[in-house]
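Novice: Following this message is one structure expressed as structure tokens.
The values are calculated or read from the model by the stated rules, or taken from the named source; none is laboratory data. Bear in mind that the values here come from a model prediction, so they are computed numbers and not experimental data. Here the Cβ is made from the backbone with ideal geometry for all residues, glycine too, and neighbour counts use every protein chain on show. To get the accessible areas, we keep the full protein, side chains included, count just its heavy atoms, and leave off ligands, DNA and RNA. Shrake-Rupley method; radii C 1.70, N 1.55, O 1.52, S 1.80 Å.
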Amino acid sequence: MLVVMKQSATEEAIARVVETIEAMGYEARPIPGHQRTAIGLVGNDGRVDSARLEGLGGVLEVISVSHPYKQVSREWKADDTIVTLANGTRIGGSEIAIMAGPCAVENEEQILGVAHTLREMGATILRGGAFKPRTSPYSFQGLGVEGLELLARAREATGLAIVTEAIDSEGVEIVKEYADIIQIGARNMQNYPLLRRAGQSGLPVLLKRGMSATIKELLLAAEYLLAEGNSQVILCERGVRSFDTHTRNLLDLTAIPVVKSLSHLPIIADPSHGTGLRSKVTPMARAAVAAGADGLMIEVHPQPDMALSDGAQSLYPEQFAELMKQIRVIARALDRGLVDMPRVAV
Ligand code: PEP
Ligand code: MN
């Protein structure tokens, strides 16, 4: 439920609404906005008597949010959410943010080398898994904390921000010591204890769509993060299961405009996992930008043939450079640009 205040409402009137919501046993979340001041009522609001709030001074109206996801919805917050990282990268604004790197951190030479190359080519965020959720228990599971330390070293050397996955609740506590963004992978989109812990971490969270999740389920998973008080959330379309076997997944680009209309959260696309095929990554990256994505996550490996995971979908660095060139043109056609490395001296 949302209490919308009149433009003329005083600070005292707003404080009175907050007090009343709290006295009713709910949490009050003031929502700053360009158009209006509103105060969200958080909790199971099924039986709230709205008349008590409507009668307060300065209140314009009390709206019942129609979607099951509340804080994630545009009804709750009309303005786009912009996630800002320590290196100045903004995700969700007019510019498109590029995250790139190998599927997994494998060794120092690999991650530092590729980080310098990617920075040179215009990425501002380095991806790389240290804890890998693999379909087979016998596949490479990642370097763990050693991988996180290598990522931190790459950040120090290049100024790139770090996005890396936490696969369980304890992992959140470790990853948050190193990362700029905690990634929640497709296999864990509905791991609710993990979502709650990531929500409490205080760090931005990249939430990837589950491989058989509906858009509504994705938004409800994001609601878990916002319910913990974390509004720095980025959604990621990474492809869903399909009946067709030509590609690894079906990259659902429709999700981008659909999410944009339903939610204020930024949404990026991952055409690497979305297609599983190196030759299909660049065309789908172009399409994702054209569809309005706020960013891209691209797997790039210095030697894809030697990669310990996802080599077949990893771009060669030169291919990534070409991709950057092409999406710059598409972004410009949409009156957008790419996020450039801001205020970082290397
Ligand atoms: C990844 O980004 O490396 C990854 C495992 O992706 P997803 O969770 O989308 O499969
Ligand atoms: Mn991967």
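Novice: Which one of these does A78 not meet: (1) open to solvent by 10 Å² or more (accessible area, probe 1.4 Å); (2) within 24 Å of V175 (Cα to Cα)?
Specialist: (2)
Novice: Related question: With respect to Q313, determine if the residue is within 21 Å of C103 (Cβ to Cβ), assigned by TED's automatic domain parsing to the domain that holds G128 and surrounded by fewer than 19 Cβ atoms within 10 Å (Cβ to Cβ).
Specialist: Working: within 21 Å of C103 (Cβ to Cβ): yes; assigned by TED's automatic domain parsing to the domain that holds G128: yes; surrounded by fewer than 19 Cβ atoms within 10 Å (Cβ to Cβ): no.
Answer is no for this residue.
Novice: Can you name every one of the helices (runs of 4 or more DSSP H) wholly within segment 138-200 that holds 3 or more residues which are under 19 Å from the mean Cα position of the chain (by Cα) and within 16 Å of ligand 1 (Cβ to nearest atom)? Steps first, please.
Specialist: Numbers: elements: 145-158, 169-175, 192-200.
Correct list: 169-175, 192-200.
Novice: Taking segment 284-310 as the region of interest, how many residues are open to solvent by 40 Å² or more (accessible area, probe 1.4 Å) and assigned to a helix (DSSP H, G or I)?
Specialist: So the count comes out to 5.
Novice: Another question, if that's okay. Could you please tell me which pairs satisfy a Cβ distance under 8 Å, a separation of 6+ or placement on different chains, a first residue in segment 224-241 that is not assigned by TED's automatic domain parsing to the domain that holds I91 and assigned to a strand (DSSP E or B), and a second residue that is surrounded by 24 or more Cβ atoms within 10 Å (Cβ to Cβ) and modelled with pLDDT of 95 or more?
Specialist: Listed pairs, sorted by first residue: none to list.
Novice: If you don't mind, there's one more thing I want to ask. Criterion first (touching a residue at least 24 places away in the same chain (Cβ under 8 Å), within 13 Å of ligand 1 (Cβ to nearest atom) and buried (at least 20 other Cβ atoms within 10 Å of the Cβ)) does I111 satisfy it? Give the steps one after another, and end with the answer.
Specialist: Working: touching a residue at least 24 places away in the same chain (Cβ under 8 Å): yes; within 13 Å of ligand 1 (Cβ to nearest atom): no; buried (at least 20 other Cβ atoms within 10 Å of the Cβ): yes.
The answer is no for I111.
Novice: Additional query: Please state which of the following conditions M24 fails to meet, knowing it meets all the rest: (1) surrounded by 19 or more Cβ atoms within 10 Å (Cβ to Cβ); (2) at pLDDT below 95; (3) closer than 25 Å to L225 by Cα; (4) of a type outside the set (F, W, Y).
Specialist: (1)
Novice: Considering only segment 209-223, state which residues are closer than 16 Å to S73 by Cβ, within 16 Å of ligand 1 (Cβ to nearest atom) and in contact (Cβ under 8 Å) with a residue 40 or more places away in the chain.
Specialist: I215, L218, A222
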